[in-house]
Structures are given as structure tokens and as C-alpha cells.
Amino acid sequence: MAAVMLSGCDREPAKKGTYGYDAVFFKDMGIETVELVSSDGQSRVLTVPGWQGRVMTSTTGGEKGNSYGWVNHKYISGGEISGQFNPFGGEERFWIGPEGGANSYYFAPGAEQVYANWMVPGILDTEAFTVESKSRSEVTFSGKASLENASGRRFEIGLRRVVKLEDASEVLGVPVPESVRALAYSTANTLENRGEQAWTKETGLPSVWLLGMLKPNPGTTVFIPYELREGETIVKDDYFGKVPSDRLTVKDGFVFFRIDGKYRAKIGLPKGSAKDLCGSYDSGNHVLNILKYTVPDYPCDYVNGQWGNQDYPFGGDVINSYNDGPTETGTVMGPFYEIETSSPGAELASGETLTHKQFTLHLEGPEEELSKISEAVFGIGLKNVASVF
């Protein structure tokens, strides 16, 4: 009887905000996932093939650990699909730039570049990527896109995405102490020119564009190191109007951006000022997030995603960050915050490829230990980061 009673017991429901809650949510919704799991079961990465191999969320603490990615549970559970854009969420999704200008893939030729005419191509929104291979620690996705840009030029694009668990200490180049739970994963994102004509500046150039949606908290700060070069712009801060000084500070070799999900603002660092690192620190939960990404050392150009007419279509940003908040109508999609990185424009002959690689790390533990890692990687302690705003 005891055995029967025990086998009939239900598992305790997963707590909202945990990785286990999100994993069960996708299972209950009937959405296929591919999960990467470390040998000890603590580091986990949840991907969705149906949404282009998107990393929806991850954790350093197994099923009961914090879920780091922002997941739009309300929208997903509603079951409706928009022909314009579906804000499913996810801590790293694979898009193609540029978003705006004459070379945009999000506006039809001749259309005014305003929100009503903006449309995300299905291959970057609702169409599935194929799972080519998978193991406990790595999964490979692929897809094909046939896209027309705003100038009416057609692009046949091969897409490939490899998501892989990594060793955090090896990626960082510094040891991670036992008191810190750490997760590291990489994504290698490839564009292939499958057409007969070369991609040139005259035709327009696609780029890999990775966007990560994370959960904001009042004590969160994005901090991005920069190069100071004479005549170069350090940070673009006027995407939605100039960002006020109580939310954006540039000092001591870093751009600091206040994150709370209560004020809509976006910043970007262009080629010349951007390095290959970005951090964000949630001082309330003692979570340090680190992005490392490829920035080529050869001459290259980044596409400009600004909507409308552009004077410099190849004067775009290498890295961006966005803080969600109320729009003009008072509505809020999230709240969430984003960190985005881009490859250079893919100037490719027929059959050639370009790959943009990114490493995402989440570290959770005592602030003193996290600060030592930050000092070793960035050259700044976390008390200094947390005290900027």
C-alpha cells in the first residue's frame, strides 16, 4: 500500500521564475524543445527548433535554479500567431540585419518605415529550423531564407546555428571558484550566400544579428568597455530620444546603462569604440552575466539598422542594449532588457560563408567572488558597477 501511495504522489509544482517552471511550461504547451545539460545536471540550456533554434532560457542551478531568459508566457499561452511579429521572448535569438534603411529585410520596397509596415520575415519568427544533430551538450540547426530587401533585391541565404555547452573557466580565462555557480554556452551563427550573384555594398549586405532578452531588476546595470579613438563616437544614445544622464553614464573606459524595465531606451557602440565584451550585473540577486563575441580584426563594415533614410548605411553598431518600458501609448511588452551583438555585413561571393560566434555566461554567487571574476575579465569591481546609478 505504501508503494502504491508513493507512486501516486504528484511532484511538487515548479516555482515560477525557475528553470523547471519554464521547461514544464513548454512541455505543457506542446512546444518541442532540445535541452543541453551538463554532466552534473546543474547547467541547462533550453532551445526551441520551431523558433530558429532560439535559446529560450538557461540556468546554473538545475530545475530549481533561476531561469535567466525572459519568456513571454502570456503571449505563448494565448496561442495566437501574428503575421507581423510574435514576441515569444528568449535569451538569444538569431535574426538578420539590417532592420531599417534601403537594405532592410523588415520593410517592403517603397513602404514608409514606420511600425505599421514593419514585418519580421517568417524564417526569423515562426518557421522552424531543422535539427541536423544533437547530443547532451551540443545541437546543430539549419534553415534557408529567400529574402527581399527594401531596395527590391533578392537574397538566397543558408542559415546554420550551433549551440554548445562550454567550460566557463576556459571561456573566461580565469578559474571560477566552487562558491559560484556558472553556466557558459556558445552559439556559432552562419550565413551562406546560396545565390549566383555576389553580395556587395551596392546590393546591400545581410548580417548576423543576435538578440538576447533577460529579466530586468532595479539593481541591474549593463556595463560595456570601449576603445577611445580620436574622432570616433563612443555610444549612440538617441534611438528613442536621448537617454538621460541618470540612465546612461560614460566614464573610466565603460558605458554604464541603467536597467529596470521602466524606461524605454536603447544604446549602441559602433565599430571603433566597441570591444568584444559586455557585462550586466544584477546586484539584488548577485548574478553576473557576460557576453563575449567575435569582432574581426580586418577592415569591415557594420550595417545600419536605423529606420528610414540613412546617410551612412554601413555605419551601424557592433553591440546594442535596450531597456524596456512604456511606449507612447503606455503599453509595455515585457518588461525585459536586451543585449544585442552583430556581425559585419556579409560581403560574400556565391558559396561563401560568414560566421558570428557568441559566448553567453551566467555566474551566480557571493558578490565578493563575482567581483574577483569581473576584475579579472573587465578590470572593474562589481561594487563600482552597482554604485554608478
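The values are calculated or read from the model by the stated rules, or taken from the named source; none is laboratory data. Being a predicted model, the structure only gives us computed values, none of them experimental. Using ideal geometry, Cβ is built from the backbone for each residue, glycine included, and neighbour counts are taken over all protein chains shown. Side chains are part of the model used for accessible areas, which takes the heavy atoms of the whole protein and leaves out ligands, DNA and RNA. Shrake-Rupley method; radii C 1.70, N 1.55, O 1.52, S 1.80 Å.
Only Cα sites of the chain enter the Debye sum here, all with the same form factor; the resulting log10 I(q)/I(0) across q = 0.10 1/Å is -0.64, listed in q order.
Under a 5 Å amide H cut-off, with hydrogens placed 1.01 Å from N, MET56 pairs with LEU46, THR47, VAL48, GLU91 among residues at least 5 apart or on other chains.
Close amide H partners of VAL318, meaning residues 5 or more places away or on another chain with modelled amide H under 5 Å apart, are LEU269, LYS271.
When only Cα pairs below 8 angstrom with a gap of at least 6 residues are kept, the chain shows a relative contact order of 17 percent. Put simply, segment 179-237 fits an ellipsoid with semi-axes of 33, 22, 12 Å; these come from the alpha carbon gyration tensor as the roots of five times its eigenvalues, largest first. Within the accessible area of segment 268-389, what % is carbon and sulfur when the probe is 1.4 Å and the other protein chains stay in place? Taking all protein chains in place, segment 268-389 shows 48 percent carbon and sulfur surface. Over the Cα atoms of segment 296-387, the radius of gyration divided by the Kirkwood radius equals 1.07; this is the Rg/Rh ratio. Surface composition of segment 1-160: carbon plus sulfur atoms hold 51% of the accessible area, using a 1.4 angstrom probe and ignoring ligands, DNA and RNA. Accessible surface comparison of ARG181, ARG229, probe 1.4 Å, protein chains only, largest first: the order is ARG229, ARG181. Once the 1.4 Å probe is applied to the protein heavy atoms, the chain comes out at 45 Å² accessible per residue. When peptides 327-333, 220-226, 115-121, 276-282 are ranked by their average number of other Cβ atoms within 10 Å per residue, the highest-first order is 220-226, 276-282, 115-121, 327-333. Ranked from largest to smallest solvent-accessible area, with a 1.4 Å probe on the protein heavy atoms, ASP311, ASP238 come out as ASP311, ASP238. Cross-link list LYS134/LYS262; LYS144/LYS292; LYS74/LYS383; LYS275/LYS383; LYS292/LYS383; LYS74/LYS236: which exceed 30 angstrom alpha carbon to alpha carbon? Cα-Cα > 30 Å for LYS134/LYS262; LYS74/LYS383; LYS74/LYS236; rest within. Estimated from helical segments only, the mean residue ellipticity of the chain at 222 nm is -3000 deg cm²/dmol, where each DSSP H run of four or more residues counts as -39500 (n - 2.57).
Shape class for segment 258-344: oblate, because the ratio a/c of the largest to smallest gyration tensor axis (alpha-carbon atoms, square roots of eigenvalues) is 1.5 or more and b/c is at least a/b. Rounded to the nearest whole Hz, the Karplus-based 3J(HN,Hα) values (6.51 cos²θ - 1.76 cosθ + 1.60, θ = phi - 60°) of segment 270-281 follow the sequence x, 4, x, 10, 6, 9, 10, 9, 8, x, 9, 10, with x at glycine and proline.
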